[in-house]
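Read through the structure below, which is laid out as structure tokens, and then see the notes.
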There are 4 protein chains.
Amino acid sequence: MPMLAGIPASVFLFWRMPVSGNSLGTLFRLTTFGESHGPAIGGVVDGCPPGMDLDESDIQKDLERRRPGQSRFTTQRRESDRVKILSGVFEGKTTGTPIGLLIENEDQKSRDYTEIQEVFRPGHADWTYLKKYGRRDYRGGGRASARETAMRVAGGAIARKILRYQGVEIQGCLIAMGPEQTDPGKRDWSQVDKNPFFSPDSDAVARFEVLLDRCRSAGDSVGAVLEVVARGVPVGWGDPVYGRLDADLAGGMMGINAVKGVEIGTGFASAGGYGSQMADEMVPDAGQRDGVRFLSNHSGGILGGISNGNEIVVRLAVKPTPSIHKPLQTVTTSGQGQIIQTRGRHDPCVGIRAVPVAEAMMALILVDHFFRHRSRHALFPKVD
Amino acid sequence: MPMLAGIPASVFLFWRMPVSGNSLGTLFRLTTFGESHGPAIGGVVDGCPPGMDLDESDIQKDLERRRPGQSRFTTQRRESDRVKILSGVFEGKTTGTPIGLLIENEDQKSRDYTEIQEVFRPGHADWTYLKKYGRRDYRGGGRASARETAMRVAGGAIARKILRYQGVEIQGCLIAMGPEQTDPGKRDWSQVDKNPFFSPDSDAVARFEVLLDRCRSAGDSVGAVLEVVARGVPVGWGDPVYGRLDADLAGGMMGINAVKGVEIGTGFASAGGYGSQMADEMVPDAGQRDGVRFLSNHSGGILGGISNGNEIVVRLAVKPTPSIHKPLQTVTTSGQGQIIQTRGRHDPCVGIRAVPVAEAMMALILVDHFFRHRSRHALFPKVD
Amino acid sequence: MPMLAGIPASVFLFWRMPVSGNSLGTLFRLTTFGESHGPAIGGVVDGCPPGMDLDESDIQKDLERRRPGQSRFTTQRRESDRVKILSGVFEGKTTGTPIGLLIENEDQKSRDYTEIQEVFRPGHADWTYLKKYGRRDYRGGGRASARETAMRVAGGAIARKILRYQGVEIQGCLIAMGPEQTDPGKRDWSQVDKNPFFSPDSDAVARFEVLLDRCRSAGDSVGAVLEVVARGVPVGWGDPVYGRLDADLAGGMMGINAVKGVEIGTGFASAGGYGSQMADEMVPDAGQRDGVRFLSNHSGGILGGISNGNEIVVRLAVKPTPSIHKPLQTVTTSGQGQIIQTRGRHDPCVGIRAVPVAEAMMALILVDHFFRHRSRHALFPKVD
Amino acid sequence: MPMLAGIPASVFLFWRMPVSGNSLGTLFRLTTFGESHGPAIGGVVDGCPPGMDLDESDIQKDLERRRPGQSRFTTQRRESDRVKILSGVFEGKTTGTPIGLLIENEDQKSRDYTEIQEVFRPGHADWTYLKKYGRRDYRGGGRASARETAMRVAGGAIARKILRYQGVEIQGCLIAMGPEQTDPGKRDWSQVDKNPFFSPDSDAVARFEVLLDRCRSAGDSVGAVLEVVARGVPVGWGDPVYGRLDADLAGGMMGINAVKGVEIGTGFASAGGYGSQMADEMVPDAGQRDGVRFLSNHSGGILGGISNGNEIVVRLAVKPTPSIHKPLQTVTTSGQGQIIQTRGRHDPCVGIRAVPVAEAMMALILVDHFFRHRSRHALFPKVD
């Protein structure tokens, strides 16, 4: 047997590159771990200021919005998603030390994985993960599973609380599902939490229900477009040239599972327009924080990579999940052609549960830029 | 006079946060400096492997494609954009040390800036920069100027050469200009460099000319949609979960001046579709590098944040420049309302010259992921 | 009551800077969390390659060497320090995903902390933490406690296993304790694990015992000098200019609790010598890996920030713990003078248990440089 | 001829890992480029706040202290070391954009390098660089040359000016040269700039002169011990656990060419002492900034990785340069044994000119921690 450094060479055969890049942020940093079918998922929030009231309910509240099984329109996987805080909070307040977070996985059904073990599910990361790493936890999506996003929501809940003290509020909604659109004229943010789709247009709810019931019976799935808005962000957050706020938001949003497009403000539609329509004109207005009012917000609150004081508006395209009951052509790990039909509980529209995830990503990106901005802004009290 | 630490307090009045974030990349890192109206712009490429043939012409070639004044459809600012290599190359080959790059600014017209000095140009970064930093080089866009992108192109040229040795080719084009579209059915990549618009559809060229001539005479501008493609990227580049290739590409592209949207593969259109249409089915194919052929490429070459072996396809929305001759309402630095009309030489469609910039960003992001992948992949020769 | 953003201003009174910087490494990264008196401490290892055999016993083995209460010469705090792996290992092998590690704290005595709650222990971080963060977990050292180093040892155990496959072995020892020295002429590495002091000189053991018994009865403590050696590191690890291997080792070692000095090779003694003595001369030697033998190793295996193929030799100075029974002058949190005498179980020489911690830090720094080196070295098989 | 991707395989033969790691700092970042015998060296300072007065003389002043050829005790290489500011300063004040710095190399003697081209100078980085990169600029130390430190001094000058506005002053001196010591009892900081050795003890100057004259005539060199002190650093700079101020200072100092040891406060001597001697006791003192006075400063101003308000005291061991006229055994690049004698102009004690470099490193590390601290400290004006 061939030996390397006194060890059988076969030992090395599956050494490939690790899954790295599990941290997000510079001054406020979230690091996560855990697979969909392991004992637990967890995270570490590094950079939360000391002295803030924090307990598990602050985080649980946001987790509930993402939790599966809350309506018949999402997966029926049963996870109570109870988060535990393991460190960083003392006597009800943050100490400034890293906050360890843990959620135990409950619904790890002991079932037969043989089928998916040896076949690449089209549209999933099975193929790329196995090719890259040489092995994978075949019991589910493993690290590529959307289960990881529970930790983004948990970390985002802490980010959000910090931002709230700065007067910043973040809200997301679903503005289109497959071919069905909400009506921009009927957008009412107070409706978002009153229906299972996070729809801001209550009239669209019935159409969404019909669409999803149709998807479910057809064994198919649909995509969605989400919008996330941050209100109250002051002028000045964001670092040019490569640390721009828009760049970081785009990167953060595109990094959510199944997202295939991101736009800010008027976005792709601005490409089809004229400069005379798209420049956000300004007028003096003593009633505004900075004495200036913008007559429009095509820029989505960001100019030159820096917040301009308007609402920050980001939209995301979420692709339809490829976990469908319809037969699809695929290939086995040994290279044979095969037909696959996903069975079991899956979200017919993953875009719905992506709403709280997108809000969390917005919060995580913004709070990091808040700290980056603050590190050197107005070095002496007299300024501003 | 009030004193702080023995120094007049007034000294501190304009101390605000610096422009940071001028570096891009982890293992292959570009750092840039320089303003549009300063003596020079420059950059440092850190992480280029030693032993590669490199001289200034390798970089100049790409700079020529971005250079202003090459057709009547771009700004007439005269810059020869001659790049000098100051370090990192010895006897015609890279040494592996950082490559210092310098381009002197030539066309710094000594003119009267009083007008733009005291007024915020709508849609520009004037407002956000002054609010954030308390001062700015009012002779032009300063650091927010698209002039900085010359350095991205220079750094990208080096990245591109490394990638070429890996069999990776990158090409960009303009697929829509304002309301005018190219025809997907007539897309011919060999046409791209044969017209001043980087259009892959030669039939669209005449329509683009008409549109731009109309813009110019109306003193208006138009947006554009670009597409950038990377061919030959093997399976496996990209780090989940937060270091995903799609996230980094989205961040990089959104970080280009005037870009307001980014999509990968089918992008926003996938949100409107069904899972049964959007899953890229796979079949065995001995003729392919990995023994597998995908029947479609809705995913744009990236699954779970990792390249899947198909073409990587990214599209960008570029907004119309707000530098137009039409009158716009705005505000002066002292808070008065004013009407502004931009004068002088400007690109009626900044999207055109953004094509080589977008190619460069694609190259910079990809080469960094190539090195990140390589650092730990297949630790021993037997693997793969 | 004054309000800020609709929230009572008092809420903000203790908002200060968070404890950040809880991650170590670039491509192989350890992030830790947890306080000495919280429910648990934990860590995340991001960057371990897939396919390596790993179970809890691999880590436990190293933790045992650091564990308190193993001889009468260390603190009697009772912690079984059982580590749990929460993710990243599947079917006995690493998957390449982040490895979540958890150790529950057992010995959190519910006692009266009033005394130390309101007084700054001299030589401890109480003063700097409270001044910086505005609050602290007064039940112990909190995040500044050496308990955190258990996680460095756990992460280091994984790093070490990777290095072992590369032929690299790391070993540390204690070469001086307070005024007592080991004899360089009697240094025998095989003795290190045979005595409770990690002494390489068996003759020194009796002297160390006498010294510590004397310390204990006097209620005093002593410092120590440690040496850590890495054998088998090939030529080439380390990045000039600011990412030098020696710089990173020095930073890592100085970052261990109570360390006040670091030297490499001949270290401080080389400052007192002549160039003719300190240059490590080289001669051809076909028996060596690189065909060259060095006649001495004053450089401690590093030249120009890069490993030169010799043993890497680092020495650390560990100060005596200030937790002593002798009366010391100090100040209360309200600014009053007070006399303090530390009670209870403490290590009379923290340098002993710092040996496995220093080995772990060496492993963590080296494995990161191994990956950094590997990312771009010898891009094609023909090289080397 | 073997081909890879259509390119002759020989092209790849010298592709090895690049020299990376040419940036220092997180929020205040210096990136440098340039070799000792190239056209120029340069740097980019990213993170300088806007509004600070800055011109080239601010930087030149510090460069003069490091410049060669200022006394007969340093190398006679003639470099005027005139720095040019290429960006980031407008109308005499920093704009907050990156500051590009350039120094042209003047004394690039066109001489015969054949001898050193094919031989490894003992104690130099020739061996490790060639082994790592496969090629090097053999006309001098290239990137490993101490010439690079001119850029550290330039960047450090800017850092220093920022710190000065915060009330922080940095000063370095040489406290030992080879076997000759300064007398701690005669230390007078005002003497440091009055002799060519940066000696704080004027009585030692004559002894240093004798020693160096002896070295020169013997063709030998000596090492040195430096001390650098920062006065006025407030309590609270530094991030535990891995971003500690002591760790970063140790890494920064060890990263200076020829440094082989770093200690803080009492350093290695504290390892030989007892806890009852080494704990810095505290007493109330209304005259102090924080109401507390420390009775000693064994900790060198840092406790738990955070500044405690005392002077920060760091000492460095600089090895004697191996560039000596005495014959040394070495090896050629083709593996033959050879005797080498360095000719030409070299510093007999490189420790002298390392003093301004060490000051600069102290400034660079401190200013970064100042910004890191400031980013989240005292989020609201009421605090502190």
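The values are calculated or read from the model by the stated rules, or taken from the named source; none is laboratory data. Just so you know, these numbers come straight off a predicted model, no measurement behind them. Note that each Cβ is placed from the backbone with ideal geometry, even for glycine, and that neighbours are counted across all protein chains shown. Side chains included, ligands, DNA and RNA excluded: accessible areas come from the protein's heavy atoms. Shrake-Rupley method; radii C 1.70, N 1.55, O 1.52, S 1.80 Å.
Distance between the modelled labels on residue A:194 and residue C:70, one decimal in nanometres: 6.5 nm (7 Å Cα→Cβ projection). Put simply, the Cα atoms of region C:178-307 extend 54, 33, 29 Å along their principal axes, the longest span coming first.
Coordinate range of the alpha-carbon atoms in chain A per principal axis, descending: 77, 53, 41 Å.
Note on the protein assembly as shown: semi-axes of the ellipsoid equivalent to its C-alpha gyration tensor, largest first and rounded to whole Å, are 49, 38, 34. Think of region C:80-221 as having a plus end and a minus end, set by charges on the Cβ of Lys, Arg, Asp and Glu; of C:129, C:195, C:215, C:129 sits farthest toward the positive end of this dipole.
Label points for residue D:205 are taken 7 Å from Cα along Cα→Cβ. From this copy to the others they lie 5.7, 7.7, 8.8 nm apart, shortest first.
Across the options B:323, B:283, B:301, the greatest Cα extent toward the positive end of the charge dipole of region B:273-347 (unit charges at beta carbon of Lys, Arg, Asp, Glu) belongs to B:323.
Chain C residue nearest the rotation axis toward A, with distance: C:31, 2 (Cβ to axis, whole Å). Note on residue C:106/residue B:213: beta-carbon distance plugged into 1/(1 + (r/R0)^6) with R0 of 60 Å gives a FRET efficiency of 0.15. Relative to the longest principal Cα axis of chain A, at what angle does helix A:245-254 sit, 0 to 90 degrees, rounded to 10? Its long axis makes an angle of about 30 degrees.
So if we plug the beta-carbon distance of residue B:169 and residue B:91 into 1/(1 + (r/R0)^6) with R0 = 30 Å, what FRET efficiency do we get, rounded to 0.05? Efficiency, rounded to the nearest 0.05: 0.60.
Here the relative contact order of chain A, from alpha carbon pairs under 8 Å that lie six or more residues apart, stands at 20 percent. Distances from residue B:269 to the same position in the other copies: list them in nm, one decimal, shortest first, using label points 7 Å from Cα along Cα→Cβ. Distances between equivalent label points, in nm: 2.0, 7.3, 7.6.
Considering every alpha-carbon pair of region A:98-195, the percent of pairs per 10 Å bin, from zero through the bin containing the longest distance, is 11, 26, 28, 26, 10, 0. Considering only protein heavy atoms and a 1.4 Å probe, what is the carbon-and-sulfur percentage of the accessible area of chain C? Looking at chain C in its full context, I get 49 percent from C and S. Each 5 Å bin from 0 upward holds the following percent of the Cα-Cα pairs of region B:125-164: 6, 22, 21, 13, 12, 10, 9, 7, 2. Relative to the dominant Cα principal axis of chain D, helix D:56-66 is inclined by about 70°.
Estimated translational diffusion coefficient (Stokes-Einstein, Kirkwood radius over Cα pairs, 37 °C, 0.692 mPa s) of region B:280-326: 248 µm² per second. Between D:323, D:334, D:307, the Gaussian network model of chain D with springs among Cα atoms under 10 angstrom shows the greatest mean-square fluctuation at D:334. Summing both sides, the accessible surface hidden between D and C at a 1.4 Å probe radius is close to 9200 Å².
Please work out the average accessible area per residue across chain C, using the 1.4 Å probe convention, and give it in Å².
Details: 11990 Å² over 384 residues.
Accessible area per residue: 31 Å².
Each other copy holds its own label point for residue C:113; taking that point as 7 Å from Cα along Cα to Cβ, the gaps run 4.1, 5.7, 6.2 nm, nearest first.
The trypsin sites (Lys or Arg not before Pro) of region A:220-296 that DSSP puts in a loop, and whose beta carbon has at most 13 other beta carbons within 10 Å, are A:289. Assuming R0 = 56 Å, what is the FRET efficiency of residue A:290 and residue B:206, from their Cβ-Cβ distance, to the nearest 0.05? After rounding, the FRET efficiency stands at 0.75. Expressed as an acute angle from 0 to 90° and rounded to the nearest 10, what is the orientation of the C-alpha long axis of helix D:204-218 relative to the principal long axis of chain D? It is inclined by approximately 10 degrees. Over all pairs of different C-alpha atoms, region B:182-250 has a mean inverse distance whose reciprocal, the Kirkwood radius, equals 14.9 Å.
As a test of the formula, what do you get for chain D when each DSSP H run with n ≥ 4 contributes -39,500 (n - 2.57) and the sum is divided by the residue count, at 222 nm and rounded to the nearest 500 deg cm²/dmol?
Working: 9 runs with 100 residues, N = 384.
About -8000 deg cm²/dmol.
A Gaussian network model of chain A, with springs between Cα atoms under 10 Å, assigns the largest mean-square fluctuation among A:133, A:274, A:165 to A:274. Total lysine pairs in region B:127-285 at Cα distances under 24 Å, for residues eight or more apart or on different chains: 4.
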